[in-house]
Every structure is written in structure tokens, then in C-alpha cells.
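K.L.:
For reference, the structure I am asking about is given below.
The values are calculated or read from the model by the stated rules, or taken from the named source; none is laboratory data. Every value quoted in this text rests on a predicted model; they were computed, and no experiment measured them. Cβ coordinates were reconstructed from backbone atoms using ideal geometry, including for glycine residues, and neighbour counts include every protein chain displayed.
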């Protein structure tokens, strides 16, 4: 009996094994109807506009706080070291439909949220005592997460968009200190620039 | 001889080049070229790392070598570094060498080559450099991408005040690059077509996030951050104190922050206990006070960063560093116009306190009054914790003898002065049997002898108020399982890390037991109690010393408080080389071998785990090492042969293939992982001659045997004489008889004397002047004149003569031989028939025997035995000794020959000598030819 259990059961398991049998099921199937966990607030667009406005109002101070904390020559060479020429940054077309603008907004917020996470992580190592900068970065990241949730809720509830392909910026964990400083400064310069456009567009 | 000389010369000529070759191998080794040179770059540390091997088939031992290393930059001919690296090299050892470049390695291609030279005093001069190895290229630029501009070094850590060089590589030669240090334009020097370098001397700390350096051209700017650290300062005002005698808090002033992102680490090390802890703060560290009543602490605080290590120490008494917590529950009582009673409570850590009181006006505080103080003592309370108890059980004649040990309670838990310890021994098999012992403090052990029953022993500590909670151990009446295989482990700086596998799921804890100083008896028993969830621990003690073997026993405690041995472990904090060599006994010395044995050497009590033994053998001739031995050099530069025994239990060794009559020196030394024992106790031995054993085993017994035979012969001389050479020989034992038997002639026999019955004895006295005729003698007849030989003639008793007939004469020819040798004989039987008597052939024994044989064949065949007449000749016929009654009248006369002649039947014709004119019959009673003797 033991021999049977030891030999046959694994054989049956192997014969009936299929690809993906052990992988978790997707929570939201691609073709499934969009559903949110919580009901979306009624004034969702106002929330989005307010959040964009809040981010826009703090973006410049965050940028200044950042490049100041990096030391010279960053404050005096913003055009060279902090120019907003970020590659692969998601585009935004202000003249598009609301759905298209929301989808592009979603991609930008997702990109910025990931990049801000990298910057926060790097600055906590490079500038362990720059608590003001850490706090500002954390607050901005929190608002970005809320904005992302609201945009997704809007897309889902109104446009039944449950899935948006997003891209992220380069991972800075393996780069040297100067590159981390420079990439962070460039990203925040770009953020300051983009968030103004977004606030204007909605 | 000539052939031998030629062979010897040829052999010596053949040996000469061989010997020359050997001496060349030893004295002038070939230079060794480094092999497998490999170069790698560590960009973080800006180090170039070299790795290579030296393959040397001729040397098996370590020897010193010098490696000359050349480093070039940009091109091989541009040598920028030359260094001689000396080290000791083993056979096929992989060697390493690192070089820190002041210029970032990414900014230039580097080339490396090296050559070697043996630099060992044991190898005589001249010392020659080997050939250079081929250039090895280290090119870090291969890994660069396609960016137009690169700046190096990345994230360089530098200490304030040091120098640092920064460089950039521009891939676009036309680009105009400008570089800035903290926004200040910097001018560098061009190293190569596209490489520029900037040297900063005495760099200073600017900010914690580093000093920024960047370069910009037409493209994206690139830069680096120099992480400048301030010099690490020595901690100041290092002190420790305690508020509750449970936790020590050590504080210090770390000095200025180094400013680095990587903060310096602070480690607190206590030397008495051997423990250390990594501090969580840069100016404070907490230390847990253990229960083993340690009062003195020797703390060393070590501050360490990337560049430096600083340390400071204090010797601290726990009792002297008490900083009491603030009193609480302060209440005024019985406040009157002039008196106020104030009460408060204190955290009890002792019994003696000092209270100081000062007053101030509360409404408008201005100043405190002067202090007044008063000492007081708080009342004791019963000890709050059970003493930590462990036991050592030995079985004497089957009865367990238990030695109980306990640790003194700390002041926190003693709550007063411990007066005595109560030990209650309860026989579990006989519940009514209870034994109580009271051991006065400060004793910390007692011994109890038990029966072969199970016991439960409870120990309580008592002060003036009462007892502490009881600590319980259970003892089985029978020895437990001691057959646990001993494992080995290695100690670390922190102590002995060990782990074990639980046997029971219901274990209530574990105890690790050891002796602090196992080399000194009696054992100072130590133990460590661990909870049931622990299956590993680190045993540390300030008493642990390198080179001492510590034995640990791990016990599992059951729910009934019974201890079961789980594991045994042995280890050294650090293994050392053996401090002494075994006493070696040499035996079985032969010309080619001898036996060494060191069976009394205790491998268990050495300064490391004995891995085996080296047998060193030195010979005066410096001959080639035997099979199994390898040539090695000693510290005194002498060459010897070494044999490795890799079994520590093998304690005998036979040294073989030795040369006879040669002097050797030998040494047996053990080795551990740390090295071998001292090499200064060589013993001398000389092999004996190859044939000495023959002398001992053969010749000496032979000499002894001969000596014994001689003694026996001396003691039995008379018997021997009777047997071997009696005065009257036995004809039956004559050698002639065997000769006759050999011819297998049954008819030839020796006549029995009894056959010839003498019936009369006639003494013949030759008249004076009778002449003796000697055949073949040169003496004149006058020389024999005066001799008066006397003969006893045995004649028939009654009849003188019975008639004519053949006559047979018996003679002992052994005497004839002597006579023939001398050339003359005293007498011969004379027969009437002269032609039958031939003297010539009888002058030698061989001729005689031949003649005898032939004559016997002829004559006996013709003469019947019964009819033969005998002419009987006396066997005492010697004129000198035979006739003692008739002394020789002429003593100087030569003795002639012995007259004793072999008795043998001889035909008359043969027995008759040739008659001459001068012949005389004076010595023999001759019969008439016609007469017959009977």
C-alpha cells in the first residue's frame, strides 16, 4: 500500500499537472467588469483637481528643498544638473478626451509615484538627517497614491477601464551617489513642470 | 684484480655526475617563474588585485621568495610602480597582492608583470631573478557604456586631510569639458588623449551628503561625490552605572560626528566574562548584568569606522556604580508648627541608604538650604529568586555521590545577607526518607552520598527573613547513558558556539556544563541554564584561554528535573602548535631499521587537536630521502627528511632502508592545525654493522657451546679417554674394520683374543750387546747399543711348539704409521721366508692398507683360519713406556715410535721385513721359520 501511495500518487499528480496550476488566480480578469472595492465619491473630479492643485502648490518647494539638500553645484546649475529631460516619461495631451486625459494622468501619477519612492529611499540613505525633505517627499507620495486611487475609480466607474498599462522610471538602487542626486533632481524638476500642466488640464 | 680495478673505476665515474647533479639541485635551484597571473579590479576600493601561483616540484616545504612587481599605465613601457613583495611560499600556493591606485583605475589601462627570486637563507647564493612574466592588462574601460563622459572614482570614501585624485574620460575628443568642485571651476592635467586628472590635496569636510564634483561638456553632465569623513575621535568621559543592579548603562562622549553616511560602530567588550555587545547608540550602551554575581567589570569601548579604530577602557565595580532611582511616594505626615514627618519609598537594591534633606521656600523659591544627611538601613526581605543549582554525579561502588553547586544570589534577589543554604534530599522510592542539610554561606557547594534510588534535591537560600524559592534537581540512582560520541568544534572570538538536537518534546530546559580550567584539578564546574526553546548558544568566559581543550556536556532537563546527557563537545578557543614532543622509545635497532614508539603520548591534553605526527630523520651523509619521506629544511638551515603520519592514533613507526654503520638523528613531533611541535630535540642513533647480528646470534652461542663441550670433556676426560683413545684399543673399534666391512668380505674378521689362549708368559731379556737392526734408519748400530727392551711374549702354556705350520702375526698398524713417518721402527716380525716380507709398502698407511688387503686376499684364501699359527706380539712393546719395569738404559735415545700396533691378522710373508745383514731381532721374540705360534 505504501508502495502504491509512493509511486502512483506522484505519477497522477505529474500527469494532471498543467501550466499555472499552482499560480494564483488574477484578482481582476482582463475582461471582467470593472469593480471597485469602495464606492467612488460623488465629487471625484473635484477631488482629483484639488489633489493636483495641492501637488502643484508644493512641487516647487519640494524641488528647492531637494536640490538644496544635495549641495553645490546643484542649486546653481539647475539647468545642467536638474533639467527636466527625463526619458520615457509618459506623455500628456491636454486636448484629449477626459477618458484619454485620465488614462494619461494615471500613467503619469504611477510613474511619478514609483520615482518618488526611489528618491525617498535614496535620500533617507544619502541625507539621513534631512528630515524636512523626507517629510515633504513622504507627503507628496501619499497624495500621489490618493490621486492614483481616485483616477482609477473615475476610470472604472465612468469609463469601465479596469486596466491601464503603465511604465516606470529607471531603478536607481545600483547607481552611484551623484547619479542618484542628479536623477532625483531631474525627476523633481520634471514633476514640477508636469504637475503644473496637469493641474491646468483638469 | 685488473678486471676488478676497471669495474670499480667505471662505477665511481658513473656515480660522480649523479652526485654532482644532486648537489646542483640542492644548491642552485632554477629560478621559478610565476604562473597563472590574474589581475582584477575592485572599483569601490580602487584596488588592483593580483593572484598567481608558483609551481615548484623540487621543494615541498615553505621557503622565502621575492616577487618583483611592475605596473605600467597607458602603455607597458610607462612603468609607474615597482615593488618587491617578499613572502613565504608553499608548494602550489595561490598568492595574492593588492595595490591601491591613486588614480582611478577606470581612467587608464594598466599593465602588470612580475618576476621572482628565491630569497631563502637555506639556498646558497647566487640568487637569480627569473624571467619576467608576460604583461597582464587590466582595462576597466571595457565595462564602460556609450556615454560621452565618465567621471571617476564613484562614491570614494576619503578621510579629511587626505589627498584624492579625480579623473574624467571623454569619449568625444572635440568636446570642451569643464569640471567643477562644489561649483568652483577646476583645472586638471591631461594624462592621455581623452583622460584628464584632478588632484585634490588635504580635502576638507563640507557636508554629510558628500563633496560634489562634476564635469560638463555638450552632453549630459556627469559627476562624482567624494564622501569625506572627519577623523574619528576617541570616546571621552567613558563611565558606567546602574540603577537596579540588573542593567549597566555605559555612556561616553563620542566627539565630533565623522559626517559619514556610514556611522562609526561602537562595541562594548568585557574582558572578565569575554562577552561583547554592539551598541545601538553612538554615546550610550546597555549591558545586562548576569546572575553569576560578577562585581568587577573591565569594559573596553571600541569605536571603529572605515579608516580608524579607537578604544578606551575602564575597570568598574558594580557596587560602586549604583545610581539609585528617585524615591517615590513622598508624603508629608504629622505636620505641626515646627515638625514635619515626610515619608517616601525607595527601589530596593540594597539595605543601607543615605538620605540628604534640604529645604527651600516654596512660594518664592530662591535657593536651597544646606543639606543634612542621615544613614539608615532598610529591613531585609526573603530572597526573591531560587539559586541557580547544578550537580555533578559520580558513582563510587555503584552508589551515586552527588556534588551540588549553586551560584550566589545577586544583591537584587538576595534582599539581605544570605546566611545559609538548605539542601533537602528526598528519596522518591521511599517518600518517608527525608534528609536535610544546612550549609552555611558563603559556601557554594556540598556533597551528598545516595543509594541506588531516585532522589529529588531542593536547594533554598535563606536570609534572616526566610527562604528563597526552591531550586530542584533530580538524581537517578543509576548511571545514565554516557556513551555519547564526542563532537568537535572551533571556538571564536565570542566563545564556543554550539547547537544540539532535542531528544524529547517535553524538555523543560537545557544545561551546558564545562570546566573553566580543565588543566588544573579539581575542575571548576561551570554551567549555563537555557530555556526549552533554545537549541543553540554561545558559551563565553573570561577564563577561556587559547591552547586549552574545553569539554562541554549538554544535558536535557526532563519534566521531572532529571538531566539526560545529550551531547559531548570538545574544542579550543584557538588551537596552538604542540608545546612539547612525545617521549619516543627506540627499539629493534638493526643495521637497516629501527622502531620508534610513543604510546604514552596523551593526544587528548594537547594545545590543539592532534592531526598526526611528523617523523624527522637526519643523516650525516645527507643522502636522498627514503620512500614516503620528503625533503625539508629546518630552521637551522639543515636538510632533513620528513615523514607524515596523518593518523593521530598511530604511535609507532618503523624507520627502514637505513645504511649499516651510519649515524642518524630522528625526531617525532605532533602537529595541529596551528603547526608542529618544537624541532630542537633530535636524538642520535647509529646503526650497527650488518654482520653484528651474526656475531650475536651465531658466534656467541657457538663459543658458549664449545665452552660447554670443553667443560664436559674436562669433567669426563677419563670416560672420553676410555672411549676414544684407550690405552688398550679395542680392535673392534678400529677404522680398519670399517674398511674391511666396506669391502664386504665376510671371511676377513678380527681374531678374538680369546681365540688365542695364552698358556705361558715368557719374559725375554735380550742380552747386552745385542744389536738392533733398523730398517731405513740412518743411525748407526752403536746408537742403539745399551738398550734393554723387555718384552712379554705370550706363548702356549704347555707346548712350546706344536709343529710347523703357517703363522699369523698381529700388529697394531696405527703405530706403524708413526714408525713409518719417522723412518724407522723398533721391531718387525720376522718370518723365515724373506721374499714374503716386504717392508717398503708398509712405510705408509695407504700402502699398508693396500698391501694388507691384497695380502689378506691372497694369504687368507690359502690359509685356513683354524690352521693358522700365531706369532703374538705384545701391545706394550714400547721400549720407553711399555716396559716400565725395565727403565731405559739409554734415555736420550729417541723414542722411536710407539710400539703399539694394530692387532691384525697378517700373513707371515707380509709381516716379515726385508732382511738385511744388519738386521737385529733384539726387540722381538722371533720364531724359527719352521716354528708355529699358537
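K.L.:
Being surrounded by fewer than 17 Cβ atoms within 10 Å (Cβ to Cβ), touching a strand residue (DSSP E or B) at 6+ places or on another chain (Cβ under 7 Å) and in a loop (DSSP other than H, G, I, E, B) is the filter here, so list the residues in the stretch B:247-281 that pass it.
P.N.:
B:271, B:272
K.L.:
Same structure again: In the stretch B:36-58, how many residues are touching a residue at least 60 places away in the same chain (Cβ under 8 Å) and surrounded by 15 or more Cβ atoms within 10 Å (Cβ to Cβ)?
P.N.:
Total satisfying the criteria: 9.
K.L.:
With the structure loaded, tell me whether residue A:151 is more than 14 Å from chain B (Cβ to nearest Cβ), surrounded by fewer than 17 Cβ atoms within 10 Å (Cβ to Cβ) and touching a residue at least 60 places away in the same chain (Cβ under 8 Å) or whether it fails that test. Lay out the reasoning, then the answer.
P.N.:
Details: more than 14 Å from chain B (Cβ to nearest Cβ): yes; surrounded by fewer than 17 Cβ atoms within 10 Å (Cβ to Cβ): no; touching a residue at least 60 places away in the same chain (Cβ under 8 Å): yes.
It is false that residue A:151 is more than 14 Å from chain B (Cβ to nearest Cβ), surrounded by fewer than 17 Cβ atoms within 10 Å (Cβ to Cβ) and touching a residue at least 60 places away in the same chain (Cβ under 8 Å).
K.L.:
Same structure, new question: Of all the residues that make up the stretch B:179-204, how many are closer than 30 Å to residue B:257 by Cα, in contact with a strand residue (DSSP E or B) (Cβ under 8 Å, 6 or more places away or on another chain) and away from chain A (no Cβ under 12 Å)?
P.N.:
Number of matching residues: 5.
K.L.:
What do you reckon, is residue A:193 in a helix (DSSP H, G or I), more than 14 Å from every other protein chain (Cβ to nearest Cβ) and surrounded by fewer than 22 Cβ atoms within 10 Å (Cβ to Cβ)?
P.N.:
Taking the combined requirement at face value, the residue satisfies it.
K.L.:
Sort out which residues of the stretch A:153-184 are farther than 12 Å from residue A:102 by Cβ and assigned to a helix (DSSP H, G or I), and write them in order of number.
P.N.:
A:177, A:178, A:179, A:180, A:181, A:182, A:183, A:184, listed by residue number.
Residues are listed down the side, and each one gets a yes or a no for (1) over 28 Å from residue B:245 (Cα atoms); (2) in contact (Cβ under 8 Å) with a residue 12 or more places away in the chain; (3) under 52 Å from the mean Cα position of the chain (by Cα):
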position	(1), (2), (3)
B:356	no, yes, no
B:377	no, yes, no
B:382	no, yes, no
B:397	yes, no, yes
B:411	no, yes, no
B:419	no, yes, no
B:440	no, yes, yes
B:444	no, yes, yes
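K.L.:
Would you point out the residue of the stretch A:105-125, among those that are within 14 Å of chain B (Cβ to nearest Cβ) and crowded, with 21+ Cβ neighbours inside 10 Å, that is farthest from residue A:95 (Cα to Cα)?
P.N.:
Filtering the stretch A:105-125 for residues that are within 14 Å of chain B (Cβ to nearest Cβ) and crowded, with 21+ Cβ neighbours inside 10 Å, the one farthest from residue A:95 (Cα to Cα) comes out as A:123.
K.L.:
I'm trying to understand the selection: among the residues of the stretch B:220-234, which are buried (at least 21 other Cβ atoms within 10 Å of the Cβ) and more than 8 Å from chain A (Cβ to nearest Cβ)?
P.N.:
Of everything in the stretch B:220-234, those that are buried (at least 21 other Cβ atoms within 10 Å of the Cβ) and more than 8 Å from chain A (Cβ to nearest Cβ) turn out to be B:226, B:228, B:229, B:232.
K.L.:
Can you tell me which residue within the stretch B:109-119, out of those that are surrounded by 20 or more Cβ atoms within 10 Å (Cβ to Cβ) and at pLDDT below 90, is nearest to residue B:635 (Cα to Cα)?
P.N.:
It comes out as B:118.
K.L.:
Six or more apart or on different chains, Cβ atoms under 7 Å: show the pairs whose first residue is in the stretch B:644-662 and touching a residue at least 60 places away in the same chain (Cβ under 8 Å) and in the same structural domain as residue B:677 (by TED's automatic domain parsing) and whose second is outside any loop (DSSP other than H, G, I, E, B) and surrounded by 14 or more Cβ atoms within 10 Å (Cβ to Cβ).
P.N.:
From the stretch B:644-662, the pairs are B:651/B:597; B:654/B:595; B:655/B:594; B:655/B:596; B:655/B:617; B:655/B:666; B:658/B:664.
K.L.:
Here's something else I'd like to know. Just the residues that are surrounded by fewer than 21 Cβ atoms within 10 Å (Cβ to Cβ) and assigned to a strand (DSSP E or B), please, taken from the stretch B:171-185.
P.N.:
B:178, B:180, B:181, B:184, B:185 - these are the residues of the stretch B:171-185 that are surrounded by fewer than 21 Cβ atoms within 10 Å (Cβ to Cβ) and assigned to a strand (DSSP E or B).
K.L.:
Could you check the stretch B:209-219 and list, in sequence order, the residues that are surrounded by fewer than 22 Cβ atoms within 10 Å (Cβ to Cβ) and more than 7 Å from every other protein chain (Cβ to nearest Cβ)?
P.N.:
B:217, B:218, B:219, listed by residue number.
K.L.:
With at pLDDT 75 or above and either under 30 Å from residue B:591 (Cα atoms) or surrounded by 11 or more Cβ atoms within 10 Å (Cβ to Cβ) (or both) as the only criterion, which of B:753, B:706 stands out?
P.N.:
Selected residue: B:706, the only one of B:753, B:706 that is at pLDDT 75 or above and either under 30 Å from residue B:591 (Cα atoms) or surrounded by 11 or more Cβ atoms within 10 Å (Cβ to Cβ) (or both).
K.L.:
Turning to a different aspect of this structure: If a residue counts only when it is surrounded by 13 or more Cβ atoms within 10 Å (Cβ to Cβ), free of Cβ contacts under 8 Å to residues at least 40 places away in the same chain and touching a strand residue (DSSP E or B) at 6+ places or on another chain (Cβ under 8 Å), which strands (runs of 3 or more DSSP E) contained entirely in the stretch B:489-551 have at least 2 such residues?
P.N.:
Fully inside the stretch B:489-551 and qualifying: B:509-515, B:525-530.
K.L.:
Would the stretch A:31-40 turn up any residue that is over 20 Å from residue A:180 (Cα atoms) and surrounded by 15 or more Cβ atoms within 10 Å (Cβ to Cβ)?
P.N.:
Looking through the stretch A:31-40, at least one residue is over 20 Å from residue A:180 (Cα atoms) and surrounded by 15 or more Cβ atoms within 10 Å (Cβ to Cβ).
K.L.:
Restricting attention to the stretch A:159-166, does a residue exist that is buried (at least 19 other Cβ atoms within 10 Å of the Cβ), more than 14 Å from every other protein chain (Cβ to nearest Cβ), within 17 Å of the chain's Cα centre (by Cα) and more than 28 Å from residue B:216 (Cβ to Cβ)?
P.N.:
no
K.L.:
If you scan the stretch B:603-643, which residues turn out to be touching a helix residue (DSSP H, G or I) at 6+ places or on another chain (Cβ under 8 Å) and more than 30 Å from residue B:490 (Cα to Cα)?
P.N.:
Selection gives B:624, B:639.
K.L.:
Pick from the stretch B:121-150 the residues that are in contact with a strand residue (DSSP E or B) (Cβ under 6 Å, 6 or more places away or on another chain) and not in a loop (DSSP other than H, G, I, E, B): which of them is nearest to residue B:104 (Cα to Cα)?
P.N.:
Across the stretch B:121-150, the extreme among qualifying residues is B:140.
K.L.:
In the stretch A:153-163, is there at least one residue being farther than 25 Å from residue A:53 by Cα and at pLDDT 90 or above?
P.N.:
Scanning the stretch A:153-163, I find no residue that is farther than 25 Å from residue A:53 by Cα and at pLDDT 90 or above, so the answer is no.
K.L.:
I would also like to ask the following. Take residue A:84 and decide whether it is within 19 Å of residue A:136 (Cβ to Cβ), assigned to a loop (DSSP other than H, G, I, E, B) and within 11 Å of chain B (Cβ to nearest Cβ).
P.N.:
no
K.L.:
Follow-up question, since we're still on this one. If you take the residues of the stretch B:571-590 that are within 17 Å of residue B:683 (Cα to Cα) and in contact (Cβ under 8 Å) with a residue 60 or more places away in the chain, which of them is surrounded by the fewest Cβ atoms within 10 Å (Cβ to Cβ)?
P.N.:
Checked the stretch B:571-590; the qualifying residue surrounded by the fewest Cβ atoms within 10 Å (Cβ to Cβ) is B:588.
K.L.:
Residues that are touching a helix residue (DSSP H, G or I) at 6+ places or on another chain (Cβ under 9 Å), within 14 Å of chain A (Cβ to nearest Cβ) and outside any loop (DSSP other than H, G, I, E, B): does the stretch B:151-165 have at least one?
P.N.:
Yes: one or more hits.
K.L.:
Please give the number of the condition residue A:72 fails out of (1) more than 13 Å from every other protein chain (Cβ to nearest Cβ); (2) surrounded by 17 or more Cβ atoms within 10 Å (Cβ to Cβ); (3) out of contact with any helix residue (DSSP H, G or I) (no Cβ under 7 Å at 6 or more places or on another chain).
P.N.:
Of (1) more than 13 Å from every other protein chain (Cβ to nearest Cβ); (2) surrounded by 17 or more Cβ atoms within 10 Å (Cβ to Cβ); (3) out of contact with any helix residue (DSSP H, G or I) (no Cβ under 7 Å at 6 or more places or on another chain), only one is false for residue A:72: (1).
K.L.:
Answer yes or no: is there a residue in the stretch A:102-114 that is out of contact with any helix residue (DSSP H, G or I) (no Cβ under 6 Å at 6 or more places or on another chain), part of a helix (DSSP H, G or I) and farther than 17 Å from residue A:197 by Cβ.
P.N.:
yes
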